[in-house]
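What follows is a set of notes on a single structure, which appears directly below.
The values are calculated or read from the model by the stated rules, or taken from the named source; none is laboratory data. Everything numeric here is computed off the predicted structure, so don't read it as measured data. Here the Cβ is made from the backbone with ideal geometry for all residues, glycine too, and neighbour counts use every protein chain on show. For accessibility, only protein heavy atoms count, side chains too; no ligands or nucleic acids. Shrake-Rupley method; radii C 1.70, N 1.55, O 1.52, S 1.80 Å.
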Number of protein chains: 2
Amino acid sequence: MKNLQIQIEISPELYTKKPDSSGLGREIISKSIELINEMGFEAFTFKKLGIAINSPESSIYRYFNNKQSLLIYLTSWYWTWTEYRLVFATTNVASPEERLNKCIEIITQPVEVDDDISYVNEILLSEIIFSESLKAYHTKNVAEKNKIGSFQAYKNVVQRISDIVMEINPLFEYPHMLISTIIEGAHQQKYFAEHLPALTDKIKDKNAITEFYKEMINQILNIK
Amino acid sequence: MKNLQIQIEISPELYTKKPDSSGLGREIISKSIELINEMGFEAFTFKKLGIAINSPESSIYRYFNNKQSLLIYLTSWYWTWTEYRLVFATTNVASPEERLNKCIEIITQPVEVDDDISYVNEILLSEIIFSESLKAYHTKNVAEKNKIGSFQAYKNVVQRISDIVMEINPLFEYPHMLISTIIEGAHQQKYFAEHLPALTDKIKDKNAITEFYKEMINQILNIK
DNA sequence: CAAATATAATAGTATTACTATCATTTATGC
DNA sequence: GCATAAATGATAGTAATACTATTATATTTG
């Protein structure tokens, strides 16, 4: 993926002014990723972001209506990019089992190298996805946000992996349930490991969570 | 459990004044359960609760510092009560496999009959747990809240079921990961079914989620 | 029935999450 | 290179939230 300079396209419904159309817009995105990481999504405000980028709050509001919209933009960016990663990792791989395993790796691990495809720090962004993304859809106005396509990129990822599951076992009845359980589970287990270790197990090596879910899906689909 | 009149004891760290020590306290609990259900946790405020029970905001603050503390109280109540339910459902059942299956049913399904053990509406409370409980621990101050035992009741439930898993398969390395994945997964799948159906599958009957996770755990632990 | 305790009534503050206005800077088309 | 449009900056203001404080009035309890 390195040096490919792909463009992540985000649906215009998800912003009021396109962030990558201006320097300010790009600063809003990249600084917000830093700040949300540092202080968590709740403590993050447009006022603080404004101070950090030396621009008034009101300028930020021209790009996003509120911080939830910004979070949805970030998650959409991440999932759209992750769909590219899935495609890259699985093209020309004949075995669906092998493709599935590759996908599980990608969705259960935070990003470790910045591919530098843009002004977005993918390492920090993936941290946000793991620890904060559920706040994008666990909200009063899910229905309304869903209607404008806020979660389409996430759905596409789930659908794409579910398709591989169906290729392996066409009779399996709950591919989406399985994949979304794994994605959300991996996010939460990482959070538990950091903050509530009694809810998870001693993590021997950093791939323990990935191995757990790989093993799980292989057992469920009878892959040896 | 009906008519047993058990007392759910909540650690004093989790409130500033004991809610079941007064009529007002009990009203705060039972009305907040109703209101959080109706409007969601974000829209819920102590001001609205005060209006609903005809008491000033400031009186509510004598029982709980803020609405997050109240939510933690409610989740602790639920998990303490659920631990009783687990014990009741599994005592005198010799087979650990059978006990495990009973536990999976209890943790993956919302409550359907109000056992009437108190002023708490358990049906509505379980709805809150399924849709809002992650907001109790997905917050800036997890560490601090964890230190005072805010999540002990939840941990006890996970531990108790993990013990059964270990009884069945003493070599299994990730019992807590497995159980917390199932609990959190069941909550989320129900939420997805209601709000983001593309992330889950057509639910044929209302036990589909329970059956999915039962099947999952049985496969993983090689129970036929 | 007195003293202690709990609750009600009311007011006030800092912060958040915006909206509005107008001046100034920057970009763009000719 | 200049006129015009568009974007941004500077500043102010508002309603709601999440509290804290104070004093009066009930209610409980010993």
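The table below lists the values:
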read-out	value
Yes/no for A:I223 being open to solvent by less than 50 Å² (accessible area, probe 1.4 Å), more than 10 Å from chain B (Cβ to nearest Cβ), modelled with pLDDT under 95 and within 30 Å of B:Q159 (Cα to Cα)	yes
Lone qualifier among A:L100, A:L124 - being open to solvent by 20 Å² or more (accessible area, probe 1.4 Å) and either over 19 Å from B:L134 (Cβ atoms) or at pLDDT 95 or above (or both)	A:L124
Answer residue from region B:115-138, given it is among the polar types (S, T, N, Q) and under 24 Å from B:Q7 (Cβ atoms) and is nearest to the other protein chains (Cβ to nearest Cβ) among those	B:S133
Complete set of residues in region A:165-218 that are over 21 Å from B:I161 (Cα atoms) and among the hydroxyl-bearing types (S, T, Y)	A:Y174, A:S180, A:T210
Candidates B:I51, B:I10, filtered to the one that is hydrophobic (A, V, I, L, M, F, W, C) and more than 16 Å from DNA strand D (Cβ to nearest atom)	B:I10
Residue in region A:51-60 that is more than 13 Å from DNA strand C (Cβ to nearest atom), touching a Phe, Trp or Tyr at 6+ places or on another chain (Cβ under 9 Å) and outside the structural domain of A:E132 (by TED's automatic domain parsing) present	no
Residue selected from region A:156-194 under the condition more than 20 Å from the chain's Cα centre (by Cα) and surrounded by fewer than 20 Cβ atoms within 10 Å (Cβ to Cβ), by the criterion nearest to the other protein chains (Cβ to nearest Cβ)	A:E173
First in region B:56-71 and within 14 Å of another protein chain (Cβ to nearest Cβ), second anywhere and near DNA strand D (Cβ under 6 Å from one of its atoms) and open to solvent by 30 Å² or more (accessible area, probe 1.4 Å), Cβ under 9 Å, 6 or more apart	B:K67/B:T45
Among residues of region A:11-50, those that are over 19 Å from A:L124 (Cα atoms) and more than 16 Å from DNA strand C (Cβ to nearest atom), counted	3
Single match in B:I6, B:I53, B:I10, B:I28 (criterion: of a type in the set (A, V, I, L, M) and open to solvent by 20 Å² or more (accessible area, probe 1.4 Å))	B:I6
Total residues in region B:25-46, condition within 23 Å of B:N141 (Cα to Cα) and within 11 Å of DNA strand D (Cβ to nearest atom)	6
Test for B:Y213: is it open to solvent by 10 Å² or more (accessible area, probe 1.4 Å) and facing chain A (nearest Cβ under 10 Å)	no
Residues located in region A:31-50, provided they are over 24 Å from A:F151 (Cβ atoms) and open to solvent by less than 40 Å² (accessible area, probe 1.4 Å)	A:A43, A:G50
Single residue of A:E112, A:E105, A:E83 found to be more than 14 Å from chain B (Cβ to nearest Cβ), part of a loop (DSSP other than H, G, I, E, B), surrounded by fewer than 20 Cβ atoms within 10 Å (Cβ to Cβ) and within 17 Å of the chain's Cα centre (by Cα)	A:E112
